[in-house]
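Right, one structure below, let's go through it.
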Amino acid sequence: MSKNDFNNAVKRIGVLTSGGDAPGMNAAVRAVVRSAVYRSIEVIGIRRGWQGLINGDMFQMSTKDVSHIINTGGTILYTARSQEFRTHEGRQKAYNNCRLFGLDGIVAIGGDGTFSGALALSTEFPISVVGIPGTIDNDIGCTHYSIGYDTAANTAMEAIDKLRDTMKSHERCSVIEVMGHRAGNLALYVGIATGATSVLIPEEPWDIQKDVVEKIQAARVAGRTNFMVVVAEGAHPKKSPEPEEDSMAEGTGAGYMVGQMINKHLGLEPRVTVLGHIQRGGAPSARDRVTATRMGHYAVNVLAEGKTNRIVVHKDGAITDVDMVEGLKLHNTLNENEKVVVKAMTGVY
Ligand code: F6P
């Protein structure tokens with residue numbers, strides 16, 4: 001099929017990245033631009049997410065703008081979390097810019113919050129929207145995979161492997177806090193990849209005795225002298241913590257709480273490492289580059305076919321799309337297989 005044979009429902013589309021950035025977002029932007037150009041659709045880049053649409057922070061994109069970015073982390077379009085876009089007045093301003101720039105559709109790359117914004121805009125105004133899942137948390141209910149997860153998991157795994165070296169030398173206990181917002185996907189996955197002694201996730205509030213103390217004791221009895229406890233940033237104990245654990249220094253989170261409890265219950269002096277935003281950076285893995293490229297290409301086709309309110313998803317290895325309203329009703333569920341595997345791999349020696 002030659003370029004001109006396409007019968008496009010849209011002539012000019014916008015593309016933006018919103019929420020926390022994720023490695024592979026640039027590959028998705030590149031794929032959107034290149035696929036649109038392939039179909040003779042014009043692309044307007046919107047900087048700083050929904051806030052950029054409100055402010056008219058927009059520019060025409062060509063394939064040159066996306067050359068040499070498939071391998072880079074971050075997002076060339078910048079990202080933001082916009083409070084103003086949560087209001088009707090904010091969305092009215094955004095829509096005015098859609099008209100001014102002649103946009104028929106928007107590809108929004110981000111998480112659930114990004115998609116809720118897209119849906120609110122398209123419900124109030126005649127503009128087509130399609131979402132591409134991009135978050136290292138992999139916590140979007142309607143898709144099995146979101147761009148950035150694999151790279152973030154590898155970054156965390158490599159960091160934990162390094163920590164293990166020094167923990168082994170000093171025969172220490174290490175507590176590593178990984179990101180994930182309110183979801184335990186990343187912690188569970190990284191916990192398996194690093195052979196953690198214990199993995200704590202928000203979906204299953206921890207019992208310090210059963211989930212941590214007994215597992216470390218079992219490892220020690222079996223001859224281990226270093227212990228790796230992986231904690232999701234949103235994890236919390238079953239019962240509210242005792243007073244002295246409540247009075248944690250400001251700015252400390254789940255990892256420090258677990259470290260304090262291990263010290264109290266076992267007398268060990270764990271070293272706590274919060275991996276933090278390092279997990280969001282770096283060159284995207286092959287999996288993230290390929291998934292982002294496939295999703296970006298798919299998203300342009302969705303808009304070109306005249307569809308709106310869709311989320312591009314990864315289901316059982318295939319790239320497909322779901323209705324945005326239905327998709328947003330689905331909540332993140334942990335991979336049951338991974339949960340079972342973590343149970344079998346920890347505390348048994
Ligand atoms: O959603 C991605 C994420 O990195 C979460 O894992 C984390 O809780 C949050 O964003 C951190 O956000 P911020 O960029 O505001 O520090």
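The values are calculated or read from the model by the stated rules, or taken from the named source; none is laboratory data. Just so it is clear, the structure is predicted and the values come from calculations on it, not from any experiment. Neighbour counts run over all protein chains shown; Cβ positions are idealised from the backbone, glycine included. We work out accessible area using only protein heavy atoms, side chains counted, and drop any ligands, DNA or RNA first. Shrake-Rupley method; radii C 1.70, N 1.55, O 1.52, S 1.80 Å.
Only one of the numbered conditions (1) buried (at least 22 other Cβ atoms within 10 Å of the Cβ); (2) within 16 Å of the ligand (Cβ to nearest atom); (3) over 20 Å from V342 (Cα atoms) is violated by G113, and that is (1).
Within region 186-208, the residues that satisfy the criterion of being assigned to a helix (DSSP H, G or I) and surrounded by fewer than 24 Cβ atoms within 10 Å (Cβ to Cβ) are I192, A193, T194, I208. The set of residues in region 120-149 being closer than 21 Å to Y78 by Cα and more than 14 Å from the ligand (Cβ to nearest atom) consists of L121, V129, V130, G131, I132.
Checking region 24-35 against the condition returns no match, with no residue being within 16 Å of the ligand (Cβ to nearest atom), in contact with a strand residue (DSSP E or B) (Cβ under 6 Å, 6 or more places away or on another chain), within 20 Å of L100 (Cβ to Cβ) and open to solvent by less than 10 Å² (accessible area, probe 1.4 Å). Number of residues in region 123-147 that are outside any loop (DSSP other than H, G, I, E, B), open to solvent by 10 Å² or more (accessible area, probe 1.4 Å) and not acidic (D, E) equals 2. Of all the listed residues (I46, I41), the sole one being away from the ligand (no atom under 16 Å from the Cβ), surrounded by 19 or more Cβ atoms within 10 Å (Cβ to Cβ), under 19 Å from T293 (Cβ atoms) and touching a residue at least 24 places away in the same chain (Cβ under 8 Å) is I41.
Could you tell me whether any residue of region 173-184 is away from the ligand (no atom under 15 Å from the Cβ), charged (D, E, K, R) and not in a strand (DSSP E or B)?
The answer is no; no qualifying residue exists.
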